[in-house]
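Novice: Please read through the structure below; I'll follow up with questions.
FYI, it's all coordinate maths here, none of it is from the lab. Note that the coordinates shown come from a computational prediction; the quantities given were computed from them, not determined experimentally. Cβ sites come from the backbone with ideal geometry, for glycine too, and all protein chains shown count toward neighbours.
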Ligand SMILES: [Zn+2]
């Protein structure tokens, strides 16, 4: 008969898929990543049925059953406190205000821990860097600008109310071409996310394409701005001047924002996540981040004031890709429930 507490599950709920992994009691991943369709728009009950499927597949791949699972880590693409989503959820209506953590625990009979996707990916990056024992800060530009902080030893810092590390909404003093602070999706103005996100790319591209200097640019035309912004990364890979200008500005502002985060947390290691890690211009993008960082960070956050040979803040690209959050949650479940 299967032993309990032998395996731990990580579930990463996204808008289109749920990614899941299984780790053993030593934290080693067992079997492949399992993906099932996300049904978040149809409510949490429908999603839970999908999670059941994923858990069964993970157990079958490991040649075991649910009985051997000691706990579950779950992350959601929304801010939450103590297992309850409290706002801005890009999910079905019934998610907000519901104690998802307890409901999933009741349904599965397993202890469950829930957090947001930025925290989960940060722990995943920590778990995958087996030689790194210090803290790390993850900053991940995507549709928005997410992030997470992992403390030495691997514990995610969530804050007293689970509301820490909303890194996308620190303010940056950059004005749009019309002289205003740009609107953020959160309702405020001048947030870092209003410059470093897919939403920001669309606005920037719209402003740029209205200028005479880009009158003959191939992105002129009637296509929707969402489609044009989506193609911007390919243009940047080919060295297109407009795309380079927009991404360069984005990278600079990201670095500038990171400087303030580093000044507060002094994490020692900053991981840049999100899809940019997979682009062919990522080295150039990292240079732009460093330009912004150096513009705002004191030199001690680059080199030790005592030992000038010692780098005080390392920057690395994420290594976990799409699987980082699920791995982070499996790791957390093992830490908490083993
Ligand atoms: Zn904001």
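Novice: Take the Cβ-Cβ distance between residue 45 and residue 306 as r, set R0 to 51 Å, and report the resulting FRET efficiency rounded to the nearest 0.05.
Specialist: Numbers: r = 57 Å, r/R0 = 1.12.
FRET efficiency, residue 45 to residue 306: 0.35.
Novice: Rounded to the nearest 500 deg cm²/dmol, what is the calculated helix-only ellipticity per residue at 222 nm for the chain, with -39500 (n - 2.57) per DSSP H run of length n ≥ 4? Numbers along the way, then the final one.
Specialist: Working: 8 runs with 118 residues, N = 338.
Taking each H run of at least 4 residues, the total per residue is -11500 deg cm²/dmol.
Novice: Could you work out how far helix 117-128 tilts from the main Cα principal axis of the chain, as a 0 to 90 degree angle to the nearest 10?
Specialist: Once rounded, the angle reads 80 degrees.
Novice: If we count other beta carbons within 10 Å of each Cβ, what is the order of 331, 157, fewest first? If you can, show how the numbers build up before the last one.
Specialist: On the way: 331 25, 157 15.
Listed from fewest to most nearby Cβ atoms, that is 157, 331.
Novice: Principal axis extents for the range 136-318, Cα atoms only, whole Å, descending order, please.
Specialist: Answer, in whole Å and largest first: 53, 38, 30 Å.
Novice: As I understand it, the value is the acute angle between the Cα axis of helix 198-209 and the longest principal axis of the Cα atoms of the chain; what does it come to in degrees, rounded to 10?
Specialist: 20 degrees
Novice: Taking the mean number of other Cβ atoms within 10 Å as a proxy for protection, how do you rank 109-117, 225-233 from highest to lowest?
Specialist: On the way: 109-117: 21.1, 225-233: 15.9.
Put in order of decreasing packing, that is 109-117, 225-233.
Novice: Another question about this same structure. For a quick size check, give me the Cα extents of the chain along its three principal axes, largest first, whole Å.
Specialist: The Cα atoms of the chain stretch 71, 56, 35 Å along the principal axes, largest first.
Novice: What fraction of the DSSP beta bridges in the range 136-318 is antiparallel, stated in percent and rounded to the nearest 5? Spell out each step's value before the answer.
Specialist: Values: 10 of 17 bridges.
Bridges in the range 136-318 that DSSP calls antiparallel: roughly 60 percent.
Novice: Expected output is a single nm value to one decimal: the length gained when fully extending between residue 231 and residue 106, i.e. 0.36 nm times separation in residues minus the C-alpha distance. What is it?
Specialist: Numbers: separation 125, 0.36 × 125 = 45.00 nm, distance 4.44 nm.
Using 0.36 nm per residue and subtracting the Cα-Cα distance, I get 40.6 nm.
Novice: Helix 44-61 sits at what angle to the longest principal axis of the chain, using alpha carbons and giving 0 to 90 degrees rounded to 10?
Specialist: 70 degrees
Novice: Please work out whether the range 27-141 counts as rounded, prolate or oblate from its C-alpha gyration tensor, where a ≥ b ≥ c are the square roots of the eigenvalues and a/c under 1.5 means rounded, while otherwise a/b larger than b/c means prolate and anything else oblate?
Specialist: Oblate, because a/c is 1.5 or more while a/b does not exceed b/c.
Novice: Going highest first, how would you order 268-277, 249-258, 211-220 by mean Cβ packing within 10 Å?
Specialist: On the way: 268-277: 21.3, 249-258: 24.3, 211-220: 11.8.
Going by the mean number of other Cβ atoms within 10 Å, highest first, we get 249-258, 268-277, 211-220.
Novice: Rounded to the nearest 5, what is the percent of antiparallel bridges among the DSSP beta bridges in the range 1-150? Don't jump to the answer; show the numbers that get you there.
Specialist: Numbers: 21 of 33 bridges.
The antiparallel proportion sits near 65 percent.
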